[in-house]
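Colleague: My structure is below; once you've seen it, I'll send some questions.
The values are calculated or read from the model by the stated rules, or taken from the named source; none is laboratory data. Please read all numbers here as calculations on a predicted model, not as lab measurements. Cβ atoms come from the backbone with ideal geometry, glycine included; neighbour counts cover every protein chain shown. Heads up: the accessible areas ignore ligands, DNA and RNA and are worked out on the full protein's heavy atoms, side chains in. Shrake-Rupley method; radii C 1.70, N 1.55, O 1.52, S 1.80 Å.
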Amino acid sequence: MPTYDAVVIGAGLAGLSAGIGLAEAGARVFVAGKGMGATHWAHGGVDVGDVEALSRRRGHPYARFGDAVGPALTAHLARLAAAGLPYRGSPGDTPRLVPTAVGGLRPAAILPEAQAAGLQPWAGGEGLLMLGIDRFKDVWAQMAARNLARQRWPDGPAEVRWAVAELPWVERLHNLTALELARLFDDPDWRARALAQVRAALPDGTWRIGLPAVLGLARHAEVFAEARETLGAPIFEIPSLPPSVPGIRLFEALRERLLAAGGRFQFGFGVVKVERSADHVVAVHTQGASRTLRLAASEFVLATGGIAGGGLRATADGMISERVFGLAVEAPPQAEWLVDDPLAEQPLESAGVRVDARLRPAGVRNVRVIGSMLAGQRYLSERCGDGVALASAQRAVQLLSARSAWSSVRNVAS
Amino acid sequence: MTPTFDAVVIGGGATGAGVLRDLAMRGVRGLLVERGDFGSGTSGRYHGLLHSGARYVVSDPGSARDCAAENGVLRRIAPGCLELTGGYFVATSADPEEYLDGFAAACAAAGIAAERVPLGELFAAEPLLNREIRAAYHVPDAAMEPWELIDANLESAREHGAEAWRYQAVVGFARDSDGQISAVELEDRRSGERRSVGCGTVISAAGAWAGQVAALAGVELKMSPGKGSMLIMNRRVTNAVVNRLAPPGDGDILVPVHTVSILGTTDITVEDPDDARVTRDEVAALLADGDRLIPGLSGARVLRAYAGCRPLYEESDVSDEPSREISRAHHLIAHGPRDGVANLWSIVGGKLTTYRLMAQQTADAVCASLGVAAGCRTAMEPLPGPAAARPYWLGMRLADIEADGGGDADLVCECELVTRPMLHAALEAQPDASLDDLRRTTRLGMGPCQGAFCTPRAAAMLGDRDDGQRALLGFLHERFRGTRPIAWGDQLAELWLETGIYRGSLAVETLNVETPEARDADV
């Protein structure tokens, strides 16, 4: 008899959301994550793309479940709020441009509260101050301000300036990372001194302040409120290179919801073996620190991400394989994978596993594929990755719950 | 006022730098102009090998003898640029029997110390080599650092009164009534400013680009650029150079260079020497042949692919032969008797190993024409620089950083341990450096992540420079050029992570570079 109703493989946004949804619906669920997913290197906002347009695109995942994006997003934001990580923005909001750490402009509609002030319309005469931190190498206030000042930014700020604050004690640390700074901000005493020094570094005038995304980790809400109050100005965090503190907060909030809903979680170990019976997967094995864990379940959800996440792997001869179950991968021919411009849309973005209306790949009956593993999306160019992850996760939960095969197993087991 | 030099040397590769030094040591006041950074052409895009000469011992004995002699000279004058790895020639099952049979005698005839190595000894020294190798010779190959070699030549030339300018493209020549070149017209490739430099004589050491330079003087010089593509493996696979005991061909050499190994080299005749794209077919061919030397090498992580263009000279007007059949020997062309431009010379062909000999022969001829009697001293007088090789390994930088007590040692490039102070120093020496120029001086962005993390950090260190966005985008494009042909496995995942950061979080593609100040800058 299976140990679990469902095993979710992958602990990014899609996998954790599916795990939470299944656990909330009463399933015995196990989420197995091999390593840190996209949450840890992305900006922490929610990108759903142009749902309406993409839903009309043949072969796009939204063509199957675009209608699920709104409800899935609403549920997601409610979960995060319940975990103490409120977001601003709603499904259907028109994206606006927010400044990035290098001085680019990124379209965004739904952001964590700490980044949300970047979305507010700029009042006439309102200026933007890009704030750097001395000795922190992943914030580039001067470069960002210079580049922003050159942007064509309709309805942007009247002026962009930059300043650098020195923070207490950090001269003792080498190679300061965003994560270390966030942990320092969690400390109330250090924080009080740091914020006073930041305030002293501000130039005269009234500004909206863009600062590095380092305002606390475990006590982020408290840090953010205190920073806003001490600085006496609207502030917003700007994410930079990984590790992404906003992404880690998101990951931690989702993990907490998963555990609170009764789900189980293992992180750091990938699937090393798959047991099959005809067209069914019976169990997967993960390689733990001291032993192999056999995870038998009636349903499996594959959320291992695409090429960056390690769910797909390419070889020199142009073959792309799905690494857990060996599913067929749909991809353009190797000659067309990449275009000359590293910053243009890359045809290879669309690579993935093709599924039927019930999210099942060819050849296996009890596996559902969700998230950026799904073929036909270009999550970077279309900025739809979070929407696909959330909507496909919710669709998977609905499909599995409707079958309710696992709830009877559960009753028998209990 | 127009500055005037006795000699203007065009091309800042090893040959041009060598010519400049040789002339300067004989008292000829020279100027070197280079259209990019020094060593950014073929010299900086080769496999890093100081030839023993054995590579050409059968196909081109003259070249082999030149290499063997210069190998000895460079050990004496440029020890700081060399890592004396030694090299092996190995016969695999795919290599022809008759080549093996004639090899030892040919080496002896060319004066190359080739020593038969028992296979047990070979595999003990290089355990990853294919066990089906049936014979091996040891030869005095070595790894050579081209940028340090060029810098040392330029430094020595400057000590003797010469000048060297980078990012100066030759755009034309002024001619006097008898057809001689009276001035060289230059364009600064960053500011777009033009200027004119008076000259007594002009030496084109533009390598694969020599045809283009000659054309500016109305002279036809047919080059046959031979593109050679190479792969950078992410670690040292062997400690000595390994060559195939076969006529020169694709995938026949593996050179340990600092922390990595270079697998080379293809040979494809191209029209345009700037066309240094590596194709997927070349990559596949290199890996397939690499597997014959090191089984499983094709499954190892490849960091990057790159290509350089050999400065091969087409001796007849029509040649359907593949370029490897054209002699590697160099040619000094006096355009006076040939084309009626009495004070123009082109030095073409040759190899990095023979750069000094090429420079000597060029300077001999030029000095004779100028009536300068002084002889060549470059074979005896050491180049500036350390007296012994100090091959780079990561622990070396770590030791330096720790010896300083850590200090302000924040790492900008974690892969290659490039610190903030190192970049500050490099920028102080060259305030208008591009990130790629900084790479050549510091190894910025040369590690496994290929600039994913250090690019914006280093760009931010350019401060208020107007071309900051261009510097950032230019480096991303430059790094992508080398990762695109080898985008699979871990390196594709790395590239995808980088793409996610740059497009997803930083929206780098939205930077506005269309400012008047930056418009003409070089990307």
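Colleague: Sort out for me the Cα centre separation of segment B:2-17 from segment B:96-129, rounded to whole Å.
Modeller: 41 Å
Colleague: Put one equal scatterer on each alpha carbon of segment B:16-163, apply the Debye formula with no solvent term, and list log10 I(q)/I(0) at q = 0.16, 0.17 1/Å to two decimals.
Modeller: -0.92, -1.00
Colleague: Moving on. Is segment B:331-371 best put as rounded, prolate or oblate by its Cα gyration tensor, with a ≥ b ≥ c the root eigenvalues, rounded for a/c under 1.5, and otherwise prolate when a/b is larger than b/c, oblate when not?
Modeller: The shape class here is oblate.
Colleague: At what distance in angstrom do the alpha carbon centres of segment A:292-342 and segment B:174-197 lie from each other?
Modeller: Centre-to-centre (Cα) distance: 56 Å.
Colleague: What Cys residues in chain B have no fellow cysteine's beta-carbon under 4.7 angstrom?
Modeller: B:Cys67, B:Cys81, B:Cys107, B:Cys199, B:Cys309, B:Cys367, B:Cys376, B:Cys415, B:Cys449
Colleague: Moving to a separate point now. Please list, short to long, the whole-number percent of alpha-carbon pairs of chain A in consecutive 20 angstrom bins beginning at zero.
Modeller: Going out from 0 Å in 20 Å bins, chain A shows 26, 53, 20, 1 percent.
Colleague: Show log10 I(q)/I(0) for the protein assembly as shown at q = 0.05 Å⁻¹, two decimals, from a solvent-free Debye sum over equal Cα scatterers.
Modeller: -0.35
Colleague: Pull out a ≥ b ≥ c, the square roots of the eigenvalues of the alpha-carbon gyration tensor of segment B:73-112, then state rounded if a/c is under 1.5, prolate if not and a/b is larger than b/c, and oblate in the remaining case.
Modeller: oblate
Colleague: Mean residue ellipticity at 222 nm from the helices of the protein assembly as shown, using -39,500 (n - 2.57) per DSSP H segment of n ≥ 4 over the full residue count, to the nearest 500 deg cm²/dmol?
Modeller: -9500 deg cm²/dmol
Colleague: Pairing the Cα long axis of helix A:69-82 with the longest principal axis of chain A, what angle in degrees results, from 0 to 90 and rounded to the nearest 10?
Modeller: Tilt relative to chain A: about 60 degrees.
Colleague: So, with +1 on the Cβ of K and R and -1 on the Cβ of D and E, and no other charges, what is the size of the charge dipole of segment B:1-128 about its Cα centre, to the nearest 20 debye?
Modeller: That gives segment B:1-128 a dipole magnitude of about 680 debye.
Colleague: Check each of the trypsin sites (Lys or Arg not before Pro) in segment A:131-172 and keep only those in coil by DSSP with at most 10 other C-beta atoms within 10 angstrom; list them in order.
Modeller: Taking segment A:131-172 and a limit of 10 other Cβ atoms within 10 Å, the loop trypsin sites (Lys or Arg not before Pro) found are A:Arg152.
Colleague: May I pose another question? What residues does segment A:92-131 have that are buried by at least 40 Å² of accessible area in the full protein assembly compared to the chain on its own, 1.4 angstrom probe?
Modeller: A:Val102
Colleague: Further question on the same structure: How large is log10 of I(q)/I(0) for segment B:351-447 at q = 0.11, 0.14, 0.16 Å⁻¹ when the intensity is taken from the Debye formula with one equal scatterer per alpha-carbon?
Modeller: Taking Cα atoms of segment B:351-447 as identical point scatterers yields -0.56, -0.75, -0.84.
Colleague: Does anyone have the angle between helix A:245-260 and the longest principal axis of chain A? Alpha-carbon axes, 0 to 90°, nearest 10?
Modeller: Between helix and principal axis, roughly 40 degrees.
Colleague: Now for a different question. Taking +1 at the Cβ of each Lys and Arg and -1 at the Cβ of each Asp and Glu, which of A:Gly59, B:Ala276, B:Thr42 sits farthest along the dipole of the protein assembly as shown towards its positive end, judged by Cα position relative to the Cα centre?
Modeller: A:Gly59
Colleague: Per residue, how large is the accessible surface of segment A:119-171? Use a 1.4 angstrom probe and give square angstrom.
Modeller: 42 Å²
Colleague: Evaluate peptide B:481-488: per residue, the Cβ atoms of other protein chains within 10 Å of its Cβ; return the mean as an integer.
Modeller: Average per residue, whole number: 4.
Colleague: A further question on this structure: Work from the charge dipole of the protein assembly as shown (Cβ charges, +1 for Lys and Arg, -1 for Asp and Glu, about the Cα centre) and give the residue of B:Leu154, B:His331, A:Leu211 farthest towards its positive end.
Modeller: About the Cα centre, the residue reaching furthest to the positive side is A:Leu211.
Colleague: In addition: Given contacts defined as C-alpha pairs under 8 Å and at least six residues apart, what's the relative contact order of segment A:54-210, whole-number percent?
Modeller: This gives 19 percent for segment A:54-210.
Colleague: Something else now. Per the Cauchy relation, a quarter of the hull surface: what is the mean projected area of the convex hull of the alpha carbons in segment A:113-266, in nm²?
Modeller: Averaged projected area of segment A:113-266's Cα convex hull equals 10.4 nm².
Colleague: Using only alpha carbon pairs under 8 Å that are at least six residues apart, calculate the relative contact order of chain B and give it in whole percent.
Modeller: Reported as a whole number, the value is 18 percent.
Colleague: Turning to a different aspect of this structure: Can you give me the relative contact order of chain A as a percent, contacts being Cα pairs under 8 Å and 6 or more apart?
Modeller: 24 percent
Colleague: Is the shape of chain B rounded, prolate or oblate, going by the alpha carbon gyration tensor and its root eigenvalues a ≥ b ≥ c, with a/c under 1.5 for rounded and a/b larger than b/c for prolate?
Modeller: In terms of gyration-tensor shape, oblate.
Colleague: Could you tell me the extents of segment A:1-69's C-alpha atoms along the three principal axes, largest first, rounded to whole Å?
Modeller: If we take the Cα atoms of segment A:1-69, the spans are 43, 28, 20 Å.
Colleague: Can you give the Kirkwood hydrodynamic radius for segment A:232-281, in Å, rounded to one decimal and based on Cα pairs?
Modeller: In segment A:232-281 this quantity evaluates to 14.9 Å.
Colleague: Loop sites only, by DSSP: take the GluC sites (Glu not before Pro) in chain A that have at most 15 other C-beta atoms within 10 Å and name the longest stretch containing none of them.
Modeller: The longest such stretch corresponds to A:167-344.
Colleague: What does the charge dipole of segment A:166-303 about its Cα centre add up to, to the nearest 20 debye, if the Cβ of each Lys and Arg holds +1 and the Cβ of each Asp and Glu holds -1?
Modeller: Dipole magnitude for segment A:166-303 comes out near 460 debye.
Colleague: Report the GluC sites (Glu not before Pro) located in segment B:341-420 that are in a DSSP loop and have at most 15 other Cβ atoms inside 10 Å of their Cβ, or state none.
Modeller: Those satisfying the criteria are B:Glu414.
Colleague: Compute the helix-to-body angle for A:385-403: its Cα long axis versus the longest principal axis of chain A, expressed 0 to 90° and rounded to tens.
Modeller: So the inclination is approximately 30 degrees.
Colleague: A further question follows. Taking Cα atoms of segment A:206-313, Rg/Rh with Kirkwood Rh, to two decimals?
Modeller: Using Cα coordinates only, the ratio equals 1.15.
Colleague: Hey, can you find the accessible area per residue of chain B for me, probe 1.4 Å, expressed in square angstrom?
Modeller: 36 Å²
Colleague: For peptide A:139-146, how many partner chain Cβ atoms fall within 10 Å of a residue's Cβ, on average?
Modeller: Average per residue, whole number: 5.
Colleague: Rounded to whole Å and sorted largest first, list the principal axis extents of the Cα atoms in segment A:52-159.
Modeller: 46, 33, 30
Colleague: To the nearest 20 debye, what charge dipole does the protein assembly as shown have about its Cα centre, counting +1 at the Cβ of each Lys and Arg and -1 at the Cβ of each Asp and Glu?
Modeller: 3200 debye
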